[in-house]
Amino acid sequence: HSAGEASLNSTWYTPSLKRGMEEKHALYFRLMEALDKGQIGVAYQPKVDATGRIVGAEALARWHEPRFPCSPGTFIPIAEELGLIHKLGLRVLGVVCRDLVHNDVLAMANIPISVNCSVRQLDHPDFLRNVQAVLGNYGIPPRRIVFEVTESVFADSGRRLSVLQSLQDSGHLLAIDDFGTGYSSFRYFRDLAPDILKIDQSFVRGIGLDPKCEIIVSSIIDLAHHLGAIVVAEGVETDLHYTWLRERGCDVFQGYRFSRPLSLHDILKWLPVGSTPSKS
Ligand code: C2E
Ligand code: MG
Ligand code: MG
Ligand code: MG
């Protein structure tokens, strides 16, 4: 043991914290390697309208590492904390753009694809330029990409709002993800007009069980519509959720009731057959 380690150990560096950090660093190097090797891919979860027709899909990051299965709930916060989220986000966007260009069925289906975007990504000075470069590289119209951000974008930064505004100005759609669980303040709707509000799944789960959740869900639907936004319910798992939400006027539905996140190959089955280009 070096003197440095000894002095760290004698102060705040407890064994359990040390183990936590070692695991984190191991994960950091594995994640960096995975990014370089192209092992970060995406799964697509369909979004449907009140008739069950697919109207969009959300791209969710997946780490294809059979030896250490690891979900976004684990690696996204670590990527954020250790400064890899910008690279990871561009990688996800790149995979989506590549799929949109190279897959005829997806290209012709003309549905928007959502990508998640952390606050940390917005804070990166090259974010807008890099996003434009990726889209330009593949020739993807901005309308086809929706950016999903959480309400944490509203915490203390005017710059973030202006980055989001720039995304909208260049033709992207903007969704507020997990709506109702973060820094909701009506004030922000004066500065920013999101195109989509996504009701957090914790509220959807309370439908039929908890009258308070039902009131919250109804209110979010009305709020979205009054603001001229489309409202998406996430975590729609049961027929009851679907029926209830449809009756309240919810526009778009996403959840296991319809489909889990799918590989590119499997989501093609959801797309209209008529959109297959002729091979002649
Ligand atoms: P999110 O953006 O709110 O995505 C929805 C999550 O709920 C996904 O988990 C999805 O698989 C899951 N889900 C969908 N339908 C249902 C359902 O009916 N029931 C339940 N219980 N869950 C459902 P996933 O893929 O594990 O992603 C978790 C979170 O990680 C995402 O939440 C998002 O915040 C973050 N994330 C995923 N991919 C990316 C990415 O590429 N970039 C960034 N910045 N964050 C990402
Ligand atoms: Mg999302
Ligand atoms: Mg969400
Ligand atoms: Mg979430």
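The values are calculated or read from the model by the stated rules, or taken from the named source; none is laboratory data. From a predicted model like this one, the values you see are computed outputs, not experimental measurements. Please note: Cβ atoms are built from the backbone with ideal geometry, for glycine as well, and neighbour counts cover all protein chains shown. The accessibility values were calculated without ligands, DNA or RNA, using every heavy atom of the protein model including side chains. Shrake-Rupley method; radii C 1.70, N 1.55, O 1.52, S 1.80 Å.
Here are some notes:
- In the distance distribution for region 159-280, Cα-Cα pairs more than 25 Å apart total 36 percent.
- Cross-link table 47/269; 47/212; 37/87, entries beyond 23 Å C-alpha to C-alpha: 47/212
- Solvent exposure of region 106-160, expressed per residue, is 45 Å² of accessible area, with all protein chains present and a 1.4 angstrom probe.
- Hydrophobic, long helices, defined as DSSP H runs whose alpha-carbon span along the helix axis is 20 Å or greater and whose mean Kyte-Doolittle value is at least 0.0, occur in the chain at 85-102, 211-226.
- Treating each Cα of the chain as one equal point scatterer and applying the Debye formula with no solvent, the log10 of I(q)/I(0) at q = 0.07, 0.10, 0.12 Å⁻¹ comes out as -0.29, -0.58, -0.82.
- Region 180-263 - accessible surface per residue (Å², probe 1.4 Å): 51 Å²
- Solvent-accessible area, 1.4 Å probe, carbon plus sulfur percent, for the chain: 55 percent
- Peptides 104-110, 162-168, 248-254, 69-75 ranked from most to least packed give 248-254, 162-168, 104-110, 69-75, packing being the mean of other C-beta atoms within 10 angstrom over each peptide's residues.
- For the peptides 26-36, 116-126, 180-190, 86-96, the ranking by mean Cβ contacts within 10 Å, running from highest to lowest, is 86-96, 116-126, 26-36, 180-190.
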